[in-house]
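In what follows, a single structure is set out as structure tokens and then discussed.
What follows is calculated from the coordinates using simple rules that are stated; it is not laboratory data. Only a predicted model underlies this, so the values are computations on that prediction, with no experimental measurement involved. Reconstructed Cβ throughout: ideal geometry from the backbone, glycine too, with neighbour counts over all protein chains shown.
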């Protein structure tokens, strides 16, 4: 299973042209083997390999193209083996049936993959706010951490917890609290870039990863987010955010370590006057409370 996963991962990273070339090469090999074995041994099941391969990894258009090639190859192989038919229309009928067969397999593979991708996307999205969840964050952040380590690029991890949201829930109900959470998520997305990883870790906690971001750039983002969150609920529903952040100039270790450090900084600020930004630079272990 591990080998299959590695092969599938490798195929998933290849360009469409490479996948089509592999599919056509597999088809030619299967066609040659089918012709060589004669009429007594059917290899029809092997024709499904290039159809499934191309439909899954290269898309529906390429899958249709290879399906047609498979149908023609299989039908022509049968024609050359028998060379005579009771009715001259039989070869064309066989081609049509084979085309339908391979197209059914092609579309089946395509729609199964789309359904699996939709389910996977749903499993990575927070149902309430529409941003990524904890699993989404870890999947993308681990890749970003590896990239930052490889090229020695800076990054910042932000851990944010809303202050006094429980009071809003107790006084006005969880529906109002949910509305505030959605507004907070929208505010964070508005103040971050498309390349930034924004997620809701659960409850009223949000975690953000800012790639290619040093101390000053992260500070600017956090100040904007904090100020905007302060105005979300107005005087009736005063909500603020306690923020802990870690910036590393030369990333090392695992993303979990940076998250834990940022979380501890957030709780330090929350124990004090709340509505603070507690920010640490890993490079020189200096800490700045804003």
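For the range 2-124, the percent of C-alpha pairs falling in each 5 Å distance bin, counted from 0 to the bin holding the largest distance, reads 2, 11, 18, 20, 18, 12, 8, 5, 3, 2, 1, 0. For the range 235-283, the C-alpha radius of gyration sits at 1.33 times the compact-globule guess of 2.2 N^0.38 Å, with N the residue count.
Remark: C-alpha extents of the chain on the principal axes read 92, 45, 27 Å, sorted largest to smallest.
Between helix 2-12 and the chain there is an angle of about 90 degrees, using the helix long axis and the longest principal axis of the Cα atoms. Computed on the Cα trace of the range 134-289, the radius of gyration divided by the Kirkwood hydrodynamic radius gives Rg/Rh = 0.97. Listed peptides 159-171, 200-212, 119-131 appear in the order 200-212, 159-171, 119-131 once ranked by packing, highest mean of other Cβ atoms within 10 Å at the front. When only alpha carbons are used to place a centre, the range 177-223 and the range 229-271 end up 10 Å from one another. Helical runs assigned H by DSSP (4 residues or longer) give the chain a calculated mean residue ellipticity at 222 nm of -20500 deg cm²/dmol, each run adding -39500 (n - 2.57) before division by the residue total. Against the main long axis of the alpha-carbon atoms of the chain, helix 174-190 sits at an angle near 80°.
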